[in-house]
Amino acid sequence: MSRHKCVCMFAFITLVLGLCSGAAIAAPAPPGPVTVTDVPDDQGTALQIEWIASADDYPGGTVTKYRLFRKLPGTPFAMLLNIPATGAATYSYTDTGLNPGQYYRYLIRAIEPSGVSSGSSAGARTRDNIPPAPPENFTVAEYPDDQGNKLICSWDNSPDDGEGADDVVKYYLSKRWPGTSWTSLGAVVKVTGQASYSWTVRGLEPGVRYFFRLVARDSRNFSTPVFADATPHDERRPAPPRDLSAEDIPDDDGTAVKLTFVRSLDDGARANDVVFYRLWRRLLGVPGETYVKLLDIPATGADNYEYTDSTCQRGATYRYKLRAKDGVNWSAIRTVVAQPIDNRPVAPPRNPNAYDRPADEGGVIVVEFDRSLDDGTGWDHVDHYNIYRKQAALAEDPSPIATVNATGAASYSYEDTGLTGLVLYEYTVDAESVSGALSEPAGPVRAVAENNNVLTWDPPTGLTAADQASDYGGQIRLQWYRSPSEGSPGPPPPPPFSAPAADYGGEYEFYRKAGSGGYPDTPSFSVSADGIADPMAYIDSGLTDGVTYTYKVRYRRGNRISEFTAEASATPIDNLGAPASVSTPGSVSTQDQAAVTVDAPEFAPAGANAPVIMQVAADKGILQVQFALAGELKWREGPKMQVTGPGLYSVTVPTANLHPGVSIRVRAALTTATRVIYSDPITISLQ
């Protein structure tokens, strides 16, 4: 056995015997006070740990080494390393590779073969003591195509920013302008490790020189600053004014024009770039004329602007040019053409007249009128005349059909062609100036286009009128003999066409007047020609008892008519009396409420006949639909039909020529052998 092994064995046996015997083993004295300090002039990655040696550490002492432990806040100590004991009075150790700004705590124990001392502890925080290198190539440039309120600051990164460095955390930017102190813009850019950075400074004033200061910062220190300066300029044209328009001043003598426009988008709240608007004017049609400045209109932020140019020449044509300007630049141009017009009222044409053109085959009406007092030598205020036409029987507005140029003539004439025969037309005429001002209309005048060259049909004959016997009043029975022309082919056409076949169509047009009143312009009602009955008969109902009615009738087929028959008159009377159980015209008794009813939609389209369904519960006779416009007291006659018993019967009310918005009342009338029964009326609104 070697001497070394014997010594170790002896020591071990001695230790065991000591333990077994209960003798105490003395631990070494702990290290003296420990101090931990930041390493100066570094970037915060090292701490200096110093301590006084244990009392048992001396030349020949028992302490063999020191054991160093380290921890972060909230974590347990972990052994860092062992440092040999040399018998020195003090020891130190530099701990490197630490995180800048981090707090570290250290514990040191003295170690000897027989035991471990208690620990001595201290801590400190790492500090970055070296300022980072400044950023490089710092420049300030104008922001392109802006209104002079922005600058772009650009720089290359600090040598301490980037891969392998990672010391710089942020860049700080400050600005000032002449006569002011530095104003910090804050940590405008956080480090990302890229090679270069930029930052746009906004809210600047155009034309002001700005100075900028830039520094890099690590966790603790700022770099030395770098400087640059620049002056922003307004490089963007303001948006142009919008919707420039010109209109003639109404009711003037043609020397003024009003111009309006909507503000530029750079004029107004949060814009305020436009300073004023400039308006020019140029006379058109005159060689050598150039634009002349009219005025500058200050920008106020209003939504709309207007200006009245009251220095115009009557009848001249002008082009206006408008631009917006900020402090430096002009906007794009907006133009408009205007012509001031004399808007004074025009005297109407005089003595209008309309008549059928004689000796023709129909379809033409001649309209004549004398000139306006503003038409002629020395006046020349009227440019032309407008002629309007409508069918007299229809509730419609007249439509313009022609213009006649004003020539200063004493009177004018116009032939309206292509008209429908036997229709009553109504005409009005007005005068119009060069500016478009209209006179009051002259008229209306009326005429019917008649066929004056073609033979008319033979008239019906033997018209008689009599009170309807055995009724409750309100009815007159009409009887007449058919026209000999009914069923005839009419006049032969010119060769080589063959003669037409017999035609039993057509109708008998009845005109009716009450008392001493006049006949209407259009038929009161019509009865279809059937080519069979002769004499023909018709019961006119809904009349007023005691009033004498006079009738005349003519035959019509196509656009041809016959002459009227001689007149016939009669007075309806109540021949039976009006017991409580029998209805009087216009009302319905309790007994008759179910005898006849009428149904129709609440609304019907204008421009088409309204559909009506009539239901007959009992009896037979003549069934007719009657209607009246809102406000009318008199019922108008509608289609009639013969019914033979109960059933549903569908007809249409002739409302195709009525306007939208008109309301009509509709009722059904059933004429039996002994009475006339009326349904309750209903209302249809035309849309």
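The values are calculated or read from the model by the stated rules, or taken from the named source; none is laboratory data. All figures in this text were calculated on a predicted structure; none of them were measured in a lab. Every residue, glycine as well, gets a Cβ built from its backbone with ideal geometry; the counts of neighbours run over all protein chains shown. Side chains are part of the model used for accessible areas, which takes the heavy atoms of the whole protein and leaves out ligands, DNA and RNA. Shrake-Rupley method; radii C 1.70, N 1.55, O 1.52, S 1.80 Å.
Listed here are the residues, each with its yes/no results for (1) in a loop (DSSP other than H, G, I, E, B); (2) open to solvent by less than 60 Å² (accessible area, probe 1.4 Å); (3) modelled with pLDDT of 90 or more.
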site	(1), (2), (3)
LEU19	no, no, no
ILE25	yes, no, no
PRO28	yes, yes, yes
THR45	yes, yes, no
Taking ASP145 as the residue in question, decide whether it is surrounded by 14 or more Cβ atoms within 10 Å (Cβ to Cβ) and acidic (Asp, Glu). no
Note on segment 288-310: residues buried (at least 16 other Cβ atoms within 10 Å of the Cβ) and among the hydrophobic types (A, V, I, L, M, F, W, C) are LEU294, ILE297, ALA299
Exclusive hit being open to solvent by less than 40 Å² (accessible area, probe 1.4 Å) and farther than 30 Å from GLN313 by Cβ, set PRO238, PRO225: PRO238
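Conditions (1) open to solvent by 30 Å² or more (accessible area, probe 1.4 Å); (2) of a type in the set (Asp, Glu); (3) touching a residue at least 60 places away in the same chain (Cβ under 8 Å), marked per residue:
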residue	(1), (2), (3)
THR86	yes, no, no
ALA89	yes, no, no
ARG109	yes, no, yes
ARG125	yes, no, yes
PHE138	no, no, yes
CYS153	no, no, yes
Given the criterion assigned to a loop (DSSP other than H, G, I, E, B) and without any contact (Cβ under 8 Å) to a residue 24 or more places away in the chain, identify the matching residue among GLY301, GLY363, GLY327, GLY288. GLY288
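For every residue, the table says whether it meets (1) touching a Lys or Arg at 6+ places or on another chain (Cβ under 7 Å); (2) modelled with pLDDT under 85; (3) under 22 Å from ALA392 (Cα atoms).
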residue: GLY474; (1), (2), (3): no, no, no
residue: PRO492; (1), (2), (3): no, yes, no
residue: PRO496; (1), (2), (3): no, yes, no
residue: ALA499; (1), (2), (3): no, yes, no
residue: TYR504; (1), (2), (3): no, yes, no
residue: ARG512; (1), (2), (3): no, no, yes
residue: PRO523; (1), (2), (3): no, no, yes
residue: ASP534; (1), (2), (3): yes, yes, no
Determine if segment 114-123 includes at least one residue that is at pLDDT below 90 and open to solvent by 60 Å² or more (accessible area, probe 1.4 Å). yes
So, in segment 366-396, how many residues would count as being open to solvent by 40 Å² or more (accessible area, probe 1.4 Å), closer than 18 Å to VAL434 by Cβ and either in contact with a Gly (Cβ under 7 Å, 6 or more places away or on another chain) or assigned to a strand (DSSP E or B) (or both)? 2
Looking only at residues in segment 554-601 that are under 21 Å from ALA514 (Cα atoms) and modelled with pLDDT under 50, which one is surrounded by the most Cβ atoms within 10 Å (Cβ to Cβ)? PRO585
List the number of the failed condition for ALA354; all other conditions in (1) more than 38 Å from the chain's Cα centre (by Cα); (2) open to solvent by less than 50 Å² (accessible area, probe 1.4 Å); (3) modelled with pLDDT under 90 hold. (3)
Between a first residue in segment 60-84 that is more than 11 Å from ALA110 (Cβ to Cβ) and touching a residue at least 40 places away in the same chain (Cβ under 8 Å) and a second residue that is open to solvent by 50 Å² or more (accessible area, probe 1.4 Å) and part of a loop (DSSP other than H, G, I, E, B), which pairs have beta carbons less than 8 Å apart while being 6 or more apart in sequence or on different chains? PHE69/PHE77
Here are some residues: ILE622, ILE677, ILE664, ILE684. Which one is hydrophobic (A, V, I, L, M, F, W, C), under 21 Å from ALA529 (Cα atoms), at pLDDT 70 or above and touching a Ser or Thr at 6+ places or on another chain (Cβ under 9 Å)? ILE622
Kindly indicate whether any position in segment 397-405 is under 30 Å from LYS552 (Cα atoms), of a type outside the set (Asp, Glu) and surrounded by fewer than 17 Cβ atoms within 10 Å (Cβ to Cβ). no
I'd like the full set of residues that are open to solvent by less than 40 Å² (accessible area, probe 1.4 Å), closer than 23 Å to ALA316 by Cα and aliphatic (A, V, I, L, M), limited to segment 250-287. ALA256, VAL257, LEU259, LEU279, LEU283
What are the pairs with Cβ atoms under 9 angstrom where one residue, in segment 638-666, is more than 22 Å from PRO523 (Cβ to Cβ) and open to solvent by less than 60 Å² (accessible area, probe 1.4 Å) and the other, located anywhere, is among the polar types (S, T, N, Q) and modelled with pLDDT under 70? Sequence gap at least six, or different chains. GLY647/GLN615; TYR649/GLN615
Would you be able to say whether some residue in segment 625-636 is closer than 19 Å to ARG477 by Cβ and at pLDDT 70 or above? yes
Could you give every pair whose Cβ atoms fall below 8 Å, whose first residue belongs to segment 396-408 and is touching a residue at least 60 places away in the same chain (Cβ under 8 Å), and whose second residue is of a type in the set (S, T, N, Q) and outside any strand (DSSP E or B), counting only separations of at least 6 or pairs across chains? GLU396/ASN657
Restrict the check to segment 308-315 and report whether at least one residue is within 30 Å of ARG344 (Cα to Cα), small (Gly, Ala, Ser) and at pLDDT 95 or above. no
In segment 426-445, what residues are modelled with pLDDT under 95, among the hydroxyl-bearing types (Ser, Thr, Tyr) and either surrounded by fewer than 18 Cβ atoms within 10 Å (Cβ to Cβ) or out of contact with any Ser or Thr (no Cβ under 7 Å at 6 or more places or on another chain) (or both)? SER433, SER435
What number of residues in segment 516-553 are part of a strand (DSSP E or B), open to solvent by 30 Å² or more (accessible area, probe 1.4 Å), more than 19 Å from GLY474 (Cβ to Cβ) and not hydroxyl-bearing (Ser, Thr, Tyr)? 1
Would you check if GLY203 is closer than 30 Å to ASN329 by Cβ and at pLDDT below 95? yes
